[in-house]
Amino acid sequence: MNEKKLNLDLNLVDVPASRESVSLLGVDRAMAEIRRGRFVAIRGANGAAVIAQAAEGLDADSFRALAAISGGTPALTITARRAVVLGLGEPESKTVTLLTEPPLSIETAQAIADPLAEFDLSALKVSSRNATTYDGESAAVILTKLARLLPSAVTAPIVSPDAEDLARWALRHDTVLIDAGDIFQYERTTARSLSLVSEARVPLADAEDTRIAAFRPQDGGIEHLAIIIGSPNPREPVLTRIHSECFTGDLLGSLRCDCGDQLRGAIAEISATGAGVLLYLAQEGRGIGLVNKLRAYTLQDDGFDTIDANEQLGFDADERVFLPAARMLQILGFNRVNLMSNNPQKVAGLEACGIHVTERVTHAFPSNKHNEGYLRTKVARGGHLF
């Protein structure tokens, strides 16, 4: 099993249940600050701390303040994927910190972070530093991903002489302080904290005997949904589809993907079979978010395929995790499924999370002139089976 492809670090030790609420609240606050264009303080596993701000949220005032209160030199931390497409070599770690000459500016940081920006990297002298295990710089990039921003952060080590007591220092500067470990654990912790919060009967055009159940994490984050058709028998493998939300395909009928066909087709097929469940996960754009998916579409219009477009942005080809799906199935009492999917990684992902996939059920629909290249890429480079 390829743990890197599953986007799941099985070496992490779970946050103790008694600390879950504190851990989730801290990351939730940090995400809100990052999305607002503010910076946060992150304490790494090595004891060192950094100030971090999302590259796309920079402005002149915050950039000056970041350098002033940290006492360190600002640098840009990006993913290894983004470093490779920039021609900066093959990093040994998942993130790298770039030091530039002339010194980093707002314009440079944002241009390096955004492949849609016009920028000549050759005008800079750039050196890179690989991340250390669970350091603050790496955590900052993960935080930008969690916030559905471009995966790039301006970071500076906190070396200010008045920062010996980091908690008091953060309080004086009205800055959220978060441990890197809480950021690395966030997706695991939110999945483990999911609970059923609401359920109702919702007759559908292709499946009148349907209930929709909503699951919410402990931090009050975005809900995932289970569309339960008929009365699935938990003693038998349950016909199941894991479907990541797709605003453009599911709601608007976009022809660039096959998501809408897959959603409606799965509901109809489960209903025709008699019973099953469709898990509707809040993981837009294979986990990169709607705004970044639109950026990827622009890159695709410039000639990149769907995988290359994600990697140009600095993301992995697929950023989804399947822990929420496994947790929802367990809450519903299902531990064995017949999975409707063309993606072997979904099978491996569920299996890694404790759900036994008894059978993979092919789930394919005809292409059109707008998505045929996308579907070919999923087969040739994504390993999908049709």
Q: Confirm whether A348 is more than 30 Å from P115 (Cα to Cα), out of contact with any strand residue (DSSP E or B) (no Cβ under 8 Å at 6 or more places or on another chain), hydrophobic (A, V, I, L, M, F, W, C) and in a helix (DSSP H, G or I).
A: yes
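Would you point out which residue out of Q330, Q300, Q312 is under 16 Å from the mean Cα position of the chain (by Cα), in a helix (DSSP H, G or I) and surrounded by fewer than 24 Cβ atoms within 10 Å (Cβ to Cβ)? Steps first, please.
Values: Q330 fails: under 16 Å from the mean Cα position of the chain (by Cα); Q300 fails: under 16 Å from the mean Cα position of the chain (by Cα).
Only one candidate qualifies: Q312.
Among the residues of region 112-162, write down those that are in a helix (DSSP H, G or I) and touching a Leu at 6+ places or on another chain (Cβ under 8 Å).
Within region 112-162, I112, A113, L121, T144 meet the criteria.
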Q: Among the numbered conditions (1) farther than 30 Å from R82 by Cα; (2) part of a strand (DSSP E or B); (3) in contact (Cβ under 8 Å) with a residue 60 or more places away in the chain, tell me where R211 comes up short.
A: (3)
Q: Determine which single condition D209 fails, assuming it passes every other condition in (1) of a type outside the set (V, I, T); (2) within 28 Å of K94 (Cα to Cα); (3) at pLDDT 95 or above.
A: (2)
(Q) Cβ-Cβ under 7 Å, sequence separation 6+ or interchain: first residue in region 160-177 and within 17 Å of A52 (Cα to Cα), partner of a type in the set (S, T, Y) and outside any loop (DSSP other than H, G, I, E, B). Which pairs? (A) S160/S70
Q | Filter result for G136 (free of Cβ contacts under 8 Å to residues at least 40 places away in the same chain, in contact with a strand residue (DSSP E or B) (Cβ under 8 Å, 6 or more places away or on another chain) and within 30 Å of E187 (Cα to Cα)) | A | no
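A quick yes/no check of all residues on (1) assigned to a helix (DSSP H, G or I); (2) crowded, with 18+ Cβ neighbours inside 10 Å; (3) under 27 Å from the mean Cα position of the chain (by Cα):
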residue: D61; (1), (2), (3): yes, no, no
residue: A65; (1), (2), (3): yes, no, no
residue: A68; (1), (2), (3): yes, no, no
residue: G72; (1), (2), (3): no, no, no
residue: L76; (1), (2), (3): no, yes, yes
residue: P91; (1), (2), (3): no, yes, yes
residue: E107; (1), (2), (3): yes, no, yes
residue: Q110; (1), (2), (3): yes, yes, yes
Q: State all residues of region 16-37 that are among the charged types (D, E, K, R) and free of Cβ contacts under 8 Å to residues at least 60 places away in the same chain; if no residue qualifies, say none.
A: R19, R36
Q) So is G260 assigned to a loop (DSSP other than H, G, I, E, B) and either out of contact with any Lys or Arg (no Cβ under 7 Å at 6 or more places or on another chain) or of a type in the set (A, V, I, L, M) (or both) or not? A) no
Q) Restricting attention to region 129-139, does a residue exist that is β-branched (V, I, T) and surrounded by 17 or more Cβ atoms within 10 Å (Cβ to Cβ)? A) no
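The values are calculated or read from the model by the stated rules, or taken from the named source; none is laboratory data. Owing to the predicted nature of the structure, the values given are computational and were not obtained by experimental measurement. Here the Cβ is made from the backbone with ideal geometry for all residues, glycine too, and neighbour counts use every protein chain on show.
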